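The structure appears right after this line, and notes come after that.
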Amino acid sequence: MSTQLQGHTLITGAVGGLGTAMVQRLLGEGHTIIACDRAQDQAGAWLDRLPADQQHRVTFYPLDVTKEEQVNALADTLRGKGIHIAYLVNNAGIHGAGTESRVWERTLRVNIHGTFYLTRAFSPAMKEQRFGRIVNLASLSAYHPLDDQGPYAAAKAAIAGFTRSTALDLARHGVTVNAIAPGLILHDGLKVVFSDAELARMGSGIPVGRPGKPEEIAATVAFLLSNDAAFITGQTIHVNGGSYLPG
């Protein structure tokens, strides 16, 4: 993959199934990673599980993406250290179901507010450099939700719309903005939301006959950050094994 790296890569929600797969894949592509997550207590053990010869290219910063002041402070800190974020992966997200106001607000704040805060904080420097890559995480649920998924479906649909709008705003500055809409991807976080029986039932209905792997989402992220994807912007890439076929 012909990626000419022009700065650091920031990944939110880095400590977890999808985030870890993204970090590992991008390390293999030569990226230097700023890994952000709320799970500061897990960061040390998480870093130790990364390849020993690549750990020096990962720096962890605790971050709650719902806190505007934390995001802005992180941007100031990195800028003060001379670290330029050229690649941004807005991966942090949570599932939310039901009609309870607290769940609705929390789901939107993590998924769409966090994406907005990070993009607003780091895209100006990308514009100045005339180069940037931003990848947001939408979901199959934005297009084909399961029962009782109102908060999650709404938040992920908002990410798809925000991606299109931001892509238009930044295209003339050399910055691309795209989204990935994963279908059923087996990782530890999903097992907190769904039972094994539910996951088996959902997996059996996928046309390719299996759930996806975190590494398959990570590979799509790597492509969208690469020079090979320089003419792709404003798109939502569906990675779902045929569960949803737009057209």
Exercise. Apply the Kirkwood formula to segment 77-132: the hydrodynamic radius equals the inverse of the mean of 1/r over all pairs of different alpha-carbon atoms; give it in Å with one decimal.
Key: 13.0 Å
Quiz item: How large is the dipole of the chain about the Cα centre if only Lys and Arg carry +1 and Asp and Glu carry -1, each at its Cβ, rounded to the nearest 20 debye?
Solution: 500 debye
Quiz item: So what is the accessible area of the chain per residue, in Å², with the probe set to 1.4 Å?
Solution: 46 Å²
Quiz prompt | Backbone HN-Hα couplings from phi across segment 239-247 [Karplus 6.51/-1.76/1.60, Hz, Gly and Pro as x] | solution = 10, 9, x, x, 5, 9, 10, x, x
Self-check item: Where only alpha carbons of segment 129-234 are counted, the Rg and the Dmax (Å)
Solution: 15.6, 49
Practice problem: Calculate how steeply helix 214-225 sits against the longest principal axis of the alpha-carbon atoms of the chain, using the helix alpha-carbon long axis, and give the answer as 0 to 90 degrees to the nearest 10. | Solution: 40 degrees
Self-check item: For the chain, with +1 on Lys and Arg beta carbons and -1 on Asp and Glu, the positive-most of 56, 126, 70 along the dipole
Solution: 126
Self-check item: Accessible surface of segment 1-137 [probe 1.4 Å, protein heavy atoms]: carbon and sulfur percent
Solution: 47 percent
Quiz prompt | Gyration tensor verdict on segment 1-131 (Cα atoms; rounded if a/c is under 1.5, prolate if a/b is larger than b/c, oblate otherwise) | solution = oblate
Practice problem: Give me the number: length gained by fully extending residue 99 to residue 188, i.e. 0.36 nm times residue separation minus the C-alpha to C-alpha distance, one decimal in nm. | Solution: 29.5 nm
Practice problem: Calculate how steeply helix 68-80 sits against the longest principal axis of the alpha-carbon atoms of the chain, using the helix alpha-carbon long axis, and give the answer as 0 to 90 degrees to the nearest 10. | Solution: 30 degrees
Exercise. Past 29 Å, Cα to Cα, is the threshold; run 127/213; 81/213; 81/127 against it and keep the listed order.
Key: 127/213; 81/213
Quiz item: Taking the Cα atoms only, what angle lies between the long axis of helix 150-170 and the longest principal axis of the chain, rounded to 10 degrees?
Solution: 30 degrees
Quiz item: For the pair residue 197 and residue 148, how long in nm is the line joining their label points, each one 7 Å along Cα→Cβ?
Solution: 1.4 nm
Quiz prompt | Full-stretch length increase - residue 173, residue 106 - with 0.36 nm per residue and alpha-carbon distance subtracted | solution = 20.8 nm
Quiz item: For the chain, how big is the tail of P(r) above 28 Å, as a whole percent of Cα pairs?
Solution: 27 percent
Quiz item: Given the alpha-carbon gyration tensor of segment 1-51, what are the semi-axes of its equivalent ellipsoid in whole angstrom, ordered largest first, with each equal to the square root of 5 times an eigenvalue?
Solution: 20, 11, 9
Exercise. Calculate, for residue 53 and residue 6, the FRET efficiency according to 1/(1 + (r/R0)^6) with r their C-beta to C-beta distance and R0 41 Å; round to the nearest 0.05.
Key: 0.95
Quiz item: Restricting attention to the alpha-carbon atoms of segment 119-158, what are Rg (one decimal) and Dmax (integer), both in Å?
Solution: 14.7, 44
Quiz item: Using a probe of 1.4 angstrom, how much of the accessible area of segment 183-229 is carbon and sulfur, in percent?
Solution: 55 percent
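The values are calculated or read from the model by the stated rules, or taken from the named source; none is laboratory data. Computed from a predicted structure; not experimentally measured. Ideal geometry is used to build each Cβ from the backbone, glycine not excepted, and the neighbour counts take in all protein chains shown. Heads up: the accessible areas ignore ligands, DNA and RNA and are worked out on the full protein's heavy atoms, side chains in. Shrake-Rupley method; radii C 1.70, N 1.55, O 1.52, S 1.80 Å.
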